[in-house]
Amino acid sequence: MSSMKLWVEGARLRTLPLAIAPVVLGSATAASLDSFDALLSALALFVALSLQVGVNYANDYSDGIRGTDENRVGPLRLTGSGSKKPQAVKSAAFISFGLAGFAGLVIILITAQWLLVILGLASILAAWFYTGGKNPYGYAGLGEIAVFVFFGLVATIGTNFIQTGLIDPLAVLVGGAYGFYASAVLMVNNIRDIKTDKQSGKITIAVRLGDRGARRLFVFMLWMPVVVNLMLVLFYPATVIGFLNLLLVLPATLIALDGKGPKELITALKLTSFAGLGFGVLVGAGIVLVSFSL
């Protein structure tokens, strides 16, 4: 690959829908309160995308220097494959975090919500220490929880908050529902890597539960947003379009239950990532349609 293609591969573009969906949901719930702000939404999206790319590069660097990626099956890793020098990958991670921090500072200057500084710092630290530092929490089975909190709740509620100035219960509900999709993406990735993670001392939830237990938890994560969607239809009938997501959830479920191997699990990961985006776009659209019709 060319140098640029290598960096694009390392950024893991297939995970970017995870950053887009919570911003869409947060903006949709803000719109339902007549508080939508296009500039703030765009800045929130830039922050989310930069953090996602940053954590991908940080994970690539940290796992690479630890040797975790030496025997893994899946897409190319820049550090583990020797395609890029570790320091260059580390720098790419911190550049991405820096861009997220700059956009976050612009949001704070516009909204005058200075407490967001703490939230921003916490998000960057969580992104780095997932696999970075001496005691990364991703190696202790806490990765899915952190993803649920930061890429689900924090990203959705935060996007809503900078536009409304309040904690919206609807944003909490849909953010939590979306958090299951974000966690499911990490879970299916870790299911694929159970054998190599165990060998390298990376004790994820998937390693702790074993292949069968982890697959069951993955399916649970896939279907929890569907349950929340059922609840939403009672109050926001147009969110029924969210059930189109089943076209992605069902095949991902079948792959997990059929005990497919690493290559098929990569397909399940892609399906889950786009299911998360589908939930954000479809449910968000449903919420906005109902709100505008009132």
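The values are calculated or read from the model by the stated rules, or taken from the named source; none is laboratory data. The structure displayed is predicted, hence computed values, not measured ones. FYI the Cβ positions are ideal-geometry reconstructions off the backbone, even for glycines, and counts take in every protein chain you see.
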Can you name the helices (runs of 4 or more DSSP H) wholly within segment 89-172 that have at least 3 residues being buried (at least 23 other Cβ atoms within 10 Å of the Cβ)?
-> 143-147, 155-164
State whether the residues of segment 239-250 include one that is buried (at least 17 other Cβ atoms within 10 Å of the Cβ) and over 25 Å from ASN160 (Cα atoms).
-> yes
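Here's the yes/no breakdown for (1) of a type in the set (Asp, Glu); (2) closer than 23 Å to GLY179 by Cβ; (3) at pLDDT below 85:
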site	(1), (2), (3)
ALA21	no, yes, no
GLY26	no, yes, no
ALA38	no, no, no
ALA42	no, yes, no
LEU51	no, yes, no
VAL55	no, yes, no
ASP60	yes, no, no
ARG72	no, no, yes
ARG77	no, no, yes
Taking segment 13-37 on its own, how many of its residues are surrounded by fewer than 21 Cβ atoms within 10 Å (Cβ to Cβ) and in a loop (DSSP other than H, G, I, E, B)?
-> 6
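So is GLY101 out of contact with any Leu (no Cβ under 8 Å at 6 or more places or on another chain) and modelled with pLDDT under 85 or not? Give the steps one after another, and end with the answer.
Working: out of contact with any Leu (no Cβ under 8 Å at 6 or more places or on another chain): yes; modelled with pLDDT under 85: no.
For GLY101, the condition - out of contact with any Leu (no Cβ under 8 Å at 6 or more places or on another chain) and modelled with pLDDT under 85 - is not met.
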Does segment 219-237 contain at least one residue that is closer than 15 Å to ASN189 by Cα, more than 22 Å from the chain's Cα centre (by Cα) and surrounded by fewer than 22 Cβ atoms within 10 Å (Cβ to Cβ)?
-> no
Taking segment 180-209 and keeping residues surrounded by 23 or more Cβ atoms within 10 Å (Cβ to Cβ), over 15 Å from LEU265 (Cβ atoms) and either of a type in the set (Gly, Ala, Ser) or more than 18 Å from the chain's Cα centre (by Cα) (or both) leaves ALA182, SER183, LYS202
Kindly indicate whether any position in segment 215-236 is touching a Leu at 6+ places or on another chain (Cβ under 9 Å), in a helix (DSSP H, G or I) and within 27 Å of ARG66 (Cβ to Cβ).
-> yes
Scanning segment 188-209 residue by residue, the ones that are among the aliphatic types (A, V, I, L, M), farther than 26 Å from PRO251 by Cα and part of a helix (DSSP H, G or I) total 0
Please specify each residue of segment 103-124 satisfying the condition of being within 22 Å of the chain's Cα centre (by Cα) and either under 19 Å from ARG66 (Cβ atoms) or not hydrophobic (A, V, I, L, M, F, W, C) (or both).
-> GLY104, GLY120, SER123
